[in-house]
Amino acid sequence: MSKIIVEGGRKLSGTVNALGAKNAVLKEIVATLLAPGRHHLTNVPSILDVELMTRVLEHTGCKVEAGHHELWIVVPDKPLPEAPIELVRAMRASIIVLGPLLARCGEARVALPGGDDLGARPIEWHMHGLEQMGASFELIHGELVGTIDGRLKGTEIELPFPSVGATENLLLAGVLAEGETVIVNAAREPEIEDLIGQLTSMGAQIEGAGTSIINISGVESLRPADHKVIPDRLEAGTYAVAAAITGGDVTVTGCHPDHLRMELSKLADSGCDVDRGDGWLRVSGPDRPSAVDFATLPYPGFHTDMQPQMVALLSLAAGTSVITENLYDARYRYVGELARMGADISIEAQHAVIRGVPALSGCPVLAPDIRAGAALVLAGLAAEGRTEVSDPTHIDRGYEDFVGRLASLGADIHRS
């Protein structure tokens, strides 16, 4: 098993460019299934999850060619409507093929999803919405088998929670459905807006991007399109916290600071100097951060995927911070690893009480998921001595060359 080795104590400085968003590109790869022909995606990050999702498409019969931050995807006239267990188990986002395969093929066979173990992330909302559109489902030998009679039928679907995955699945199904589909209480994330931009380029008729009500007028067919993936706000935010936790000064280019309004506001509250402009942000960290409280919420609230990085920062704050996790019930699994480094954190239901300590101490830790792994690396950047982060494959799922890019900012870090 490889490890990321970090020698703490260096202030990061310099400039790093944000790459394409993981949470957009995976769904935009899947969206190509909706139209036969040759699609082109640019600003594609070189991360493990992109490789996994392209393998899902190749299993359906697509041909995928990768270039430098580019993908060309040739979709057949009749894709194989299935996503097998060995691929879906590795990445929960694979469930997003359900809607487009039903829309294109009239059936779909998708293994129940895997990915990061962050607790219950039910797919019932996906299924219930698709059932309202005319789909029927059976669970057969661990596979979710969906079928429709003719075309999916447009209808009004009200989500009980603004679920990103359910919004995306219903959006991808609705563009080829018969009639109008209305998604009420839809997720408003920038990545969904970007997906809608791609679908519109393919000929879809969609109104309400960025709002809680999305109206889709179904069309008979779609066409291939070129699409540039939106910048990754979570990658940009992670480098912003890296500056904060080391007391450094880092500029992130190629990003949309407006997509990090709440996260940057909390960094400013912690004592950071935060500046931003068109396509860039700059964070200068304090000698020691101040305590900050926040709760994770759907966009435009504080993103749950930035919670572990902020907890790492606040573990060194002067004072006590209280964090409330409202989305994933197992998001705090990494806290024990931070405690090994000397953090003083108590978990009470969905709340984390963080009593800031003057210093962390480097030691061996294990990355349990993508963002927690990144947070442990950030903690290592600020800790005294050496930190060894095992199982960095999780980090590879969401960050391109994380070690090399941190090293370019002055970190003493390498992979072994």
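The values are calculated or read from the model by the stated rules, or taken from the named source; none is laboratory data. Note that the coordinates shown come from a computational prediction; the quantities given were computed from them, not determined experimentally. Note that we place each Cβ from the backbone using ideal geometry, even for glycine, and neighbour counts take in every protein chain shown.
Every condition in (1) surrounded by 23 or more Cβ atoms within 10 Å (Cβ to Cβ); (2) over 18 Å from Ala379 (Cα atoms); (3) of a type in the set (Val, Ile, Thr) is met by Thr296 except one, and the failing one is (1).
For region 193-207, the count of residues that are of a type in the set (Gly, Ala, Ser) and touching a helix residue (DSSP H, G or I) at 6+ places or on another chain (Cβ under 7 Å) is zero. Of the listed requirements (1) within 22 Å of Asn43 (Cβ to Cβ); (2) surrounded by 24 or more Cβ atoms within 10 Å (Cβ to Cβ), Gly174 misses just one: (1). Scanning region 202-217 for residues that are in contact with a Lys or Arg (Cβ under 9 Å, 6 or more places away or on another chain) and closer than 21 Å to Pro76 by Cα turns up Met202, Gly203.
Just checking, how many residues over region 205-236 are surrounded by fewer than 19 Cβ atoms within 10 Å (Cβ to Cβ), under 23 Å from the mean Cα position of the chain (by Cα), of a type in the set (Asp, Glu) and not in a strand (DSSP E or B)? Qualifying residue count, region 205-236: 0. Can you report the number of residues in region 322-359 which are touching a residue at least 60 places away in the same chain (Cβ under 8 Å) and either in contact with a strand residue (DSSP E or B) (Cβ under 7 Å, 6 or more places away or on another chain) or among the small types (Gly, Ala, Ser) (or both)? The qualifying residues number 3. In this structure, does Val292 turn out to be touching a residue at least 12 places away in the same chain (Cβ under 8 Å), β-branched (Val, Ile, Thr), farther than 17 Å from Ala18 by Cβ and outside any helix (DSSP H, G or I)? When the stated conditions are applied, Val292 passes them. The sole residue among Leu26, Leu33, Leu52, Leu41 that is at pLDDT below 95, in contact with a helix residue (DSSP H, G or I) (Cβ under 9 Å, 6 or more places away or on another chain) and not in a loop (DSSP other than H, G, I, E, B) is Leu52. Which condition number in (1) assigned to a strand (DSSP E or B); (2) more than 24 Å from the chain's Cα centre (by Cα) is the one that Gly410 fails? Looking at each condition in turn, Gly410 falls short on (1). Would you mind finding the one in Ala177, Ala120 that is modelled with pLDDT of 95 or more and not acidic (Asp, Glu)? Checking each option against the conditions leaves just Ala177.
Residues are listed down the side, and each one gets a yes or a no for (1) of a type in the set (A, V, I, L, M, F, W, C); (2) under 30 Å from Glu156 (Cβ atoms):
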| position | (1), (2) |
| --- | --- |
| Ser217 | no, yes |
| Asp273 | no, no |
| Arg276 | no, no |
| Asp287 | no, no |
| Met310 | yes, no |
| Leu314 | yes, no |
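Of all residues in region 273-289, exactly one satisfies the criterion of being farther than 20 Å from Gly319 by Cα, in a strand (DSSP E or B) and acidic (Asp, Glu), namely Asp275. Quick one: in region 1-59, which of the residues that are over 23 Å from Met91 (Cα atoms) and of a type in the set (Lys, Arg) is surrounded by the fewest Cβ atoms within 10 Å (Cβ to Cβ)? Once the filter is applied, the top-ranked residue is Arg38. Any residue in region 293-305 that is more than 27 Å from Ile123 (Cα to Cα) and modelled with pLDDT of 95 or more? Yes, there is a match, as at least one residue in region 293-305 is more than 27 Å from Ile123 (Cα to Cα) and modelled with pLDDT of 95 or more.
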